[in-house]
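Q: Quick one: the structure is below, questions incoming.
Just so it is clear, none of the values below were taken in a lab; they were calculated from the coordinates. Note that the coordinates shown come from a computational prediction; the quantities given were computed from them, not determined experimentally. Counting neighbours? That spans all protein chains shown, and the Cβs are built from the backbone with ideal geometry, glycine included.
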Amino acid sequence: MTSEPEQQIGVGTQDAFQRLWTPHRMAYIQGENKPSGPGADDGCPFCSIPAKSDEDGLIVRRGEQVYAVLNLYPYNGGHLMTVPYRHVADYTDLTDAETAELAALTKQAMTALRTASGAHGFNIGMNQGSVAGAGIAAHLHQHIVPRWGGDTNFMPVVGHTKVLPQLLADTRKMLAEAWPAV
């Protein structure tokens, strides 16, 4: 099916490209919700999220030392993070109990994602320090990104845009319901 490109007024020089506007991404680009400094009282979102309800904070699971939360700016639908409650920047500064629960919640997150969405694989990791790519370097967090065969398409490559099939609140509810009993 071929169609003529639709002229879009106000988008700059006319061309054959359609635009997918994602103004909500500007908050991330401009650093909204990033801490102003390294301390827990410097606006760290990972320190303030646990005070919210699970729904408002997008928390999927709370442990004793660590919680699992949806990423506000996900790479893929279901992109979770496991985060220690304690404001700590470096993996080597975690206690043994925090390290064990971070690992346990990561395994549980994988199980929940497989159950709820049939994830085929995962990217799991943490960026230590801003030079390593940590968006919020002052508070350690581990990413759990579900992957599916064929989940890469032209949108992120050409359009620098991710297409997410579900609202974050709906994803949080679905994963919370699929979370394995421990």
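Q: Describe numerically, in nm with one decimal, the distance between label points set 7 Å from Cα along Cα→Cβ at residue 130 and at residue 42.
A: Taking the two extended label points, one gets 0.8 nm.
Q: Let me ask something additional. Using the basic label-point model (7 angstrom from Cα toward the beta carbon), what is the residue 96 to residue 53 distance in nanometres?
A: Each label point is offset 7 Å from its Cα along the Cβ direction, giving 3.9 nm.
Q: Roughly speaking, what is the stretch gain from residue 75 to residue 62, that is 0.36 nm per residue apart minus the C-alpha to C-alpha distance, in nm to one decimal?
A: Extra length from residue 75 to residue 62 when fully extended: 2.4 nm.
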